[in-house]
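Here's the structure we're looking at; comments come further down.
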Amino acid sequence: MYENFEIWWVTGAQLLYGGETVKIVDGHSQEMVAGLNASGNIPVKIVYKGTANSSKEVETVMKAANNDEKCIGIITWMHTFSPAKMWIKGLQALQKPLLHFHTQYNKEIPWDTMDMDFMNLNQSAHGDREFGHICAHLRKPRKVVSGYWKEEKPQKAIAVWARVAAAWADAHDMRILRFGDQMNNVAVTDGDKVEAEVRLGYHVDYYPVSSLMEYYKKVTDQEIDELVAEYKKLYTIKIDESGEQVYWEKVRNSAKAEIALRRVLKDEGAKGFTTNFDDLGGADIDDPKFLGFDQIPGLASQRLMAEGYGFGAEGDWKTAALYRTVWFMTQGMGKGCSFLEDYTLNFDGDQSAILQSHMLEVCPLIAANKPRLEVHFLGIGIRKSQTARLVFDSKTGDGVTATVIDLGNRFRLIVNDVKCIAPKPLPKLPVANALWIPQPNFEVGTEAWILCGGTHHSALSYDISPEFWEDYAEIAGIEMVHINKDTTVSGIKHDLRVGEVYYMLNRSVLM
Ligand code: MN
């Protein structure tokens, strides 16, 4: 799944102990890299790039990493003492994510036989501190993982970083298309697209809905037939108040919109998109009867999300990009992710929860059961009409949701651990939903989220731990606030005040 990516492993050493020592270090490093690759725990191939024994060698490998498209990050490990002044120029040059692995070739000290030579050879305890110091001095963003390399715990910590580094690389090759602008007057989903590209890597463009309509018009009946046949296989067909004729007409329109959207995204090389219910195309000069989309293409958005396209409703390009990142870094993990919106509250003591939903667009990857394909009236937007959508309840269990906001001088990533619980039956609700209790509980979780300035839109995953977002924020150099089981409102206020000061300095001094 990340077969086009590599992580480079560079071992720090020096020639003080002679060339023979470096050869042993080299052999150990190869064995360790092979062992990590064989563990099955790390989803990106690690490539051993040799020992670095001088400033020039470090600089050369770091610059090569920058210029190598496959390389998504570097793991460093100091087998022996590697005087860290020789890492300064290389670390200054390095633009890829960095993981510093504090480990050791041998697991235990050979108590009965250890002599001075052995101790000099196995000096990670020493060398990794020297290396850590220069990273700290340079304020170099990095993840430090400590532990024995053959054990699962450090391997899994590396795996998290590897997935995030892969998503970071993906974000730097990510184009988001906006079909229509931001929903008028909405503040929280808007932001600085220039700064987003500078900080977060992805590029946001607008794409005229009139051009999308050119694609829409060209979709053939046969293509629609084929896609509708796929719907019939995948979903439960549920014809309600709209009646059979309207049902199939609207399902066909939705299929047509999906084909057009997928085609534009492919042709434009885009990995995500946004829509706006007030901009659905319209009559053209040649064909005044052509009305464009009859409603927002909700079913298309649901299905494209499931394929990995980023999606944000109402022009929310930040959440579209964030969703794509969540989907990308959780590939193969299997429990699912979705764009969601805080919709309605349910007060119920310690089970007080927030119903997550949207007008239409919830990703079927999080469905607990086979989704139902339904057609209902949607009275929001420029063209009020019946339209198709997938309806389902979502999986229960622990999840992590996240959003990014633009505070003017910085982006803030807000992360909330959530507990998804089963809703009561919702026979009249015509959209998919999830129900969650924000951690540590409804009151503190929502008070903290609101104090942080969090959006009503977020990207939920059942697969990731907060460590993913911690690694992401570290790589991106953006603020992260994590609302979890230990959160208190006064603690969050303190974090936010510290962040104000830190990020005032950060731009000019630290980066
Ligand atoms: Mn919304």
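Every read-out reported here was derived from the displayed coordinates using simple, explicitly stated rules and does not represent laboratory data. Computed from a prediction, not measured in an experiment: that's the story for all the values here. So basically every Cβ, Gly included, is an ideal-geometry build from the backbone, and we count neighbours across all protein chains shown.
Some points to look at:
- Excluding same-chain neighbours fewer than eight residues apart, the aspartates and glutamates reachable from Lys424 by a Cα-Cα span under 12 Å are Asp393.
- Ordered by the number of other Cβ atoms lying within 10 Å of each residue's own Cβ, fewest first, Cys337, Cys420 fall into the sequence Cys420, Cys337.
- Between the range 123-157 and the range 1-30, the alpha-carbon centres lie 15 Å apart.
- Net length gained if the chain between Asp115 and Lys23 were fully extended (0.36 nm per residue, minus Cα distance): 31.2 nm
- Exposure proxy order (Cβ contacts within 10 Å, fewest to most) of Arg199, Arg497: Arg497, Arg199
- Using only side-chain charges placed at the Cβ, +1 for Lys and Arg and -1 for Asp and Glu, the dipole size of the chain relative to its Cα centre rounds to 320 debye.
- Legend: residue pairs Lys250/Lys384; Lys107/Lys150; Lys370/Lys428; Lys153/Lys485; Lys217/Lys250, Cα-Cα distance threshold 20 Å; pairs beyond threshold, Lys153/Lys485.
- Rounded, prolate or oblate (a/c below 1.5 giving rounded, otherwise prolate when a/b exceeds b/c) for the range 24-145 by Cα gyration tensor: oblate
- Between the residues Pro423, Leu200, Gln356, the greatest Cα displacement towards the positive end of the dipole of the chain, with unit charges on the Cβ of Lys, Arg, Asp and Glu, is found for Leu200.
- Beta bridges from DSSP with both residues in the chain: antiparallel share about 50 percent, rounded to the nearest 5.
- Over the chain: helical MRE at 222 nm, DSSP H runs n ≥ 4 each giving -39500 (n - 2.57), nearest 500: -12000 deg cm²/dmol
- Membrane-span-like helices in the chain, defined purely by DSSP H runs whose alpha carbon atoms cover 27 Å or more axially and whose average Kyte-Doolittle hydropathy reaches -0.5, are 19-38, 152-171.
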